[in-house]
Every structure is written in C-alpha cells, then in structure tokens.
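Visitor: Before we start, here is the structure in question, set down as structure tokens.
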Amino acid sequence: MKYPLLIILSITSLAPVAAQQVQGTAQTNSHIYGDGFGARVREIPYVPGETVGTYYLFDHWSPGTITMVNGEKVSDIFLKYNFENKSLEIKTDTAYFSMDVSASDQFSIYDDEQRQFRSFIAARRYKLDDTPLTGALELLHQGNVELVAKVAPKLIEANYKGALSGGSTNDKIVKKKEYFLVTTDYELIALPTKKKQAIEVLQQFDPEIESYLKQERLKLKQEEDLIVLAEYLSSQQ
C-alpha cells in the first residue's frame, strides 16, 4: 500500500513547481504589459497598405471614339484615360495601343454610372493664366460660353504614426475636379465655389447674374447646375 502514498507525495511536490510557473508567467506578462492601471499598450506592427484609388478615369475598359487632329475618326474601340501620364489606352479586337492625348483632337468615353458618353477635348489650345495646358479637359457645355472641367489627380501618402496616433496605412489617389468657363480666345476662367466670389466672376458675362442664380436656386458646387448656368450665359451672348 505504499503506492498511494507515493502518488500523494509526488502531487504535493509538484504543487510548488506549478505555482512557480504561474508566478513566472505572471511576472513575464507583468514585464510586457505593466502592473494594474499602469499597463502599456504594445505597438501594433506596421503593415504597409495598398494604394487606394486610381489615376484612370475608369479602371475598366469603356466603349469610346477618338477624333484625331487631322479629323479622322476612330470608332468601335475600348478606351482607358490616364490622368497622370495624359495618355489614352486603346483596345481593339486584335491589339492594344497607347497614345498621348495631345495626338487627338477630342474623344468620348462611355460612363456606366451616368449611362451616357462623356466628351473630352485636347487641352493644348486652352490657356490658364496665359499658360498652355496639357492633357484633356472634359467638355460639359459647348456654345458661346463653354464649360469645361479639369481633373488634377494627387497622391496622398500614408500617414500612419503608430497604434496610438492613428493615421492611414494606405496611400490614396484623389482626383480633384475644377470647373472653368472659357472665353473666345480659349482662356480659362475659374469658377469659385463660394457664391460671392463666383458672382464677381460671372458679372462680366451678365451684370444681373445674381438675380438669375437666386431665381433658379442654382448651386455652384453641383455639376448639373453649372451646366444650366453655362447654357444660360451662352444664350445671353
């Protein structure tokens, strides 16, 4: 009957060891986290994110047409427009091509969301502050007073500073859209988004423009209202 006693003694002798292990683990955790309310937060390892956004008008291929400088029209193609390098990428049934947008006169590309074609015109004949432009401008209204939009993509780099300071681990590409009226000599006139400043600009086209804006309740931050405004100004010239 010595075996039960031996088992009891073995269990008893193991108890201090187990206690030491628990204590050791507690001490280790205490070393990592600190004690009580003085616990510190461990730094989360930085994992670089992916770039959010794109330099393309659309990431997918869209039906479109191109009118070349010599007037030749290229149809039945699929297009991508890259704002950063100002190039048109072209897909046909048999091949892929790429060309600088300055080699075209204008192009149109289908917008799935708007369910219509959007028109772009090569910017080389246009000027901003007497400086010729490059790339393409979106043509929103064509008439005695044109309305165009200029898209300027910008890369915002990741600003992650650690677990406690927040920030983003992703680079982000944003595409800011600016609107301009066009004079007869292709000079762009920026349209401010603030109403008071916009009225000062628009009065050169119509001295009574403030009354018209108030009557029609036009909002200068909405593209559809800017098109209505350009149509009106064209009718007044």
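The values are calculated or read from the model by the stated rules, or taken from the named source; none is laboratory data. Because the structure is a prediction, the values reported are computed rather than measured. Quick reminder, even Gly has a Cβ in these numbers, built from the backbone with ideal geometry, and neighbours come from all protein chains shown. The area values use the complete protein model at the heavy-atom level, side chains included, leaving out ligands, DNA and RNA. Shrake-Rupley method; radii C 1.70, N 1.55, O 1.52, S 1.80 Å.
Visitor: What is the local net charge at residue 140, summed over the other residues whose Cβ is closer than 15 Å to its Cβ (Lys, Arg +1; Asp, Glu -1)? Intermediate results must be reported in sequence, preceding the final value.
Guide: Values: positive: 118, 150, 177, 221; negative: 111, 138, 146, 178, 223, 224, 225, 231.
Summing Lys and Arg as +1 and Asp and Glu as -1 gives -4.
Visitor: In what sequence, largest accessible area first, do 65, 134, 184 appear using a 1.4 Å probe? Mind dumping the intermediate values first?
Guide: Numbers: 65 35, 134 100, 184 130 Å².
Listed by decreasing accessible area, they come as 184, 134, 65.
Visitor: Let me know the shape class of the stretch 83-237, please: from the alpha-carbon gyration tensor, a ≥ b ≥ c as square roots of the eigenvalues, rounded when a/c is under 1.5, otherwise prolate if a/b is greater than b/c, or oblate. Display every interim value, and only then the final one.
Guide: On the way: a/c = 2.02, a/b = 1.25, b/c = 1.61.
Oblate.
Visitor: Structure shown: which of 154/214; 127/176; 80/196; 176/219; 73/154; 172/196 lie over 28 Å apart, alpha-carbon to alpha-carbon?
Guide: Working: 154/214 34 Å; 127/176 19 Å; 80/196 38 Å; 176/219 18 Å; 73/154 32 Å; 172/196 32 Å.
The pairs that break the limit, which is 28 Å between Cα atoms, are 154/214; 80/196; 73/154; 172/196.
Visitor: Shape of the stretch 190-237 from its Cα gyration tensor (a ≥ b ≥ c, root eigenvalues): rounded if a/c is under 1.5, otherwise prolate when a/b > b/c, or oblate?
Guide: On the way: a/c = 1.33, a/b = 1.09, b/c = 1.22.
Rounded.
Visitor: Subtracting the Cα-Cα distance from 0.36 nm times the residue separation, let me have the gained length for residue 102 to residue 223 in nm, one decimal.
Guide: Length gained between residue 102 and residue 223: 41.0 nm.
Visitor: Would you tally the net charge around residue 187, using a Cβ to Cβ cut-off of less than 13 Å, leaving residue 187 out, and scoring K and R as +1, D and E as -1?
Guide: Working: positive: 125, 127; negative: 129, 130, 146, 185.
Around residue 187, the charge tally is -2.
Visitor: Considering only protein heavy atoms, what is the solvent-accessible area of residue 150 at a probe of 1.4 Å, reported in Å² to the nearest 10?
Guide: We get 50 Å² for residue 150.
Visitor: With a sphere of radius 14 Å drawn around the Cβ of residue 112, what net charge do the other residues whose Cβ falls strictly inside it have (Lys, Arg +1; Asp, Glu -1)?
Guide: 0
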